[in-house]
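Engineer: Structure below; questions to follow.
The values are calculated or read from the model by the stated rules, or taken from the named source; none is laboratory data. Quick caveat: nothing in here was measured; it's all calculated off a predicted structure. Note that each Cβ is placed from the backbone with ideal geometry, even for glycine, and that neighbours are counted across all protein chains shown. Accessible surface is based on the protein model in full, side chains and every heavy atom, while ligands, DNA and RNA are left aside. Shrake-Rupley method; radii C 1.70, N 1.55, O 1.52, S 1.80 Å.
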Amino acid sequence: VATAIPGVQSAREAARRTQCKCNMKQIGLAFHNYHDAHKCYPPYAICDAAGKPLLSWRVTILPFIEEVDLYNQFHLDEMWDSPHNLALADRMPPQFRCPSDWLTAPNASSYVITVGPGTYFPRNGQVNVKDVKDGTSLTVMVGEVAGNTVPWTKPDDLVFDQNFTGKGNFSSAHAGGWQVLMGDGTCRFISEKTDTRILRALMTIAGKE
């Protein structure tokens, strides 16, 4: 029994890691279906007329992961923590949670985007596939964060700036690194030993790397 337990645990983690990858692929498919419908990728957040972020991009893609009913219940002109919208935070779709991530809060997502100039999700404007000069297969759209406590409806993701290193930003419950969703819809495992310069290069859509 003692010798069998590590093998069972390894098999279970492999299954959870595969499910995590499937979750990210569903998010990627939602991004691409949104692009087909709107000729651009989703904005980093749902904002009001003045540009103030109200709700997360996860709310935006709900209709594209077969959650139209949940999407229609949100008040898109209110903040994520308005009494009405906050009550919906406990209804997070399972696609937003890595099954290996035991530390993330029940109403928080294991998956985040990187927001900032030069990324898929700038604060000003939206990106379409023609803007991705570095290649969709070489640019990260979504990554993992273990132990997240930010409600999935809150527009609060990683910020790409001079302090971004990748290693201090992404994390996961998978040993040795974390999984990412690339712009072409594929998933890759990023080693925690990857050089910071490479990690930064993977975030930009037209950095000529």
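Engineer: Ignoring everything but the protein chains, give the 1.4 Å probe accessible area of Arg58 in square angstrom, nearest 10.
Structural biologist: 10
Engineer: Related question: Determine, from the Cβ-Cβ distance of Thr186 and Asp90 and an R0 of 35 Å, the FRET efficiency 1/(1 + (r/R0)^6), rounded to the nearest 0.05.
Structural biologist: Details: r = 32 Å, r/R0 = 0.91.
E(calc), rounded to 0.05, equals 0.65.
Engineer: For Lys208, what is the net charge nearby, where nearby means another residue's Cβ is under 10 Å from its Cβ and Lys, Arg count +1, Asp, Glu -1? Write out the running numbers ahead of the final one.
Structural biologist: On the way: positive: Lys133; negative: Asp134, Glu209.
Net of charged neighbours comes to -1.
Engineer: If you take the alpha carbon radius of gyration of the range 123-209 and divide it by 2.2 N^0.38 Å, what ratio comes out, to two decimals? Each step should come with its number before you reach the end.
Structural biologist: Values: Rg = 13.1 Å, N = 87, 2.2 N^0.38 = 12.0 Å.
Rg over 2.2 N^0.38 Å, computed on Cα atoms: 1.09.
Engineer: Related question: Pull out a ≥ b ≥ c, the square roots of the eigenvalues of the alpha-carbon gyration tensor of the range 75-178, then state rounded if a/c is under 1.5, prolate if not and a/b is larger than b/c, and oblate in the remaining case. Mind showing how you got there, number by number?
Structural biologist: Numbers: a/c = 2.01, a/b = 1.21, b/c = 1.66.
Because a/c hits 1.5 or more and a/b fails to exceed b/c, the range 75-178 counts as oblate.
Engineer: Something else: Using the Cβ atoms and a cut-off under 12 Å, what net charge is assigned to the surroundings of Phe74, where Lys and Arg are +1 and Asp and Glu are -1? Intermediate results must be reported in sequence, preceding the final value.
Structural biologist: On the way: positive: Arg58, Arg91; negative: Glu67, Asp69, Asp77, Glu78.
Net of charged neighbours comes to -2.
Engineer: Also, quick follow-up: Sum up the charges of everything whose Cβ sits under 13 Å from the Cβ of Ser171, counting Lys and Arg as +1 and Asp and Glu as -1, but leave Ser171 out.
Structural biologist: Details: positive: Lys167; negative: Asp101, Glu144, Glu192.
Result for the local shell: -2.
Engineer: For the chain, with every protein chain kept in place, what is the accessible area per residue (1.4 Å probe, Å²)? Spell out each step's value before the answer.
Structural biologist: Values: 10310 Å² over 209 residues.
Value for the chain: 49 Å² per residue.
Engineer: Also, quick follow-up: Over the Cα atoms of the chain, each weighted equally, I'd like the Debye log10 I(q)/I(0) at q = 0.09, 0.14, 0.15 Å⁻¹, rounded to two decimals.
Structural biologist: -0.34, -0.82, -0.94
Engineer: Let me ask you something else. Name every cysteine in the chain that ends up alone, with no second cysteine's Cβ under 4.7 Å, or say none.
Structural biologist: Cys22, Cys40, Cys47, Cys187
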